[in-house]
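Okay, so here's the structure we're looking at.
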Amino acid sequence: MFEPTAQTQLSIDDIRVKKAALVYRAINHEMRMQILRLLHQNSEMNVTNLYTTLCIEQSVASQHLAILRGPGIVRTRRDGKNVYYSVNQERLHELHIIAEKLNG
């Protein structure tokens, strides 16, 4: 039977911390925070609504949304040609719990 050692446990925790860091890096950007605020206020928006509201280029909005979509911070819903984005509340709740554990 495999008995986890302190080194094994450290490696597992290290992996979890690195994954959490990637997620926090995704939201630690002023434009992405603005996008999250807008999505939270409006329930969901498509990329056109986002880039016109934020007065940014469509490609910039799409890049930021892709960064938020990667770790599951935002969800997508397709309706014909439009893709609507919304905040993944469950994922944000998980992040809040992780942050509390990291802060002790």
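Summary table below
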item: Test: residue in the range 44-66 that is without any contact (Cβ under 8 Å) to a residue 60 or more places away in the chain and in a strand (DSSP E or B); result: yes
item: Matching residues in the range 11-43 - criterion: being at pLDDT 90 or above and within 15 Å of the chain's Cα centre (by Cα); result: HIS29, GLU30, MET31, ARG32, MET33, GLN34, ILE35, LEU36, ARG37, LEU38, LEU39, HIS40
item: Residue list for the range 31-61, restricted to those being of a type in the set (A, V, I, L, M, F, W, C) and over 15 Å from ASN82 (Cα atoms); result: MET31, MET33, ILE35, LEU36, LEU38, LEU39, LEU54, CYS55, ILE56, VAL60
item: Some residue of the range 70-85 being touching a residue at least 24 places away in the same chain (Cβ under 8 Å) and in a helix (DSSP H, G or I); result: no
item: Subset of the range 21-61 that is in contact with a Phe, Trp or Tyr (Cβ under 7 Å, 6 or more places away or on another chain) and polar (S, T, N, Q) - its residue that is nearest to LEU102 (Cα to Cα); result: ASN46
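The values are calculated or read from the model by the stated rules, or taken from the named source; none is laboratory data. Here the structure is a predicted model, which means the values were calculated and not measured. Note that each Cβ is placed from the backbone with ideal geometry, even for glycine, and that neighbours are counted across all protein chains shown.
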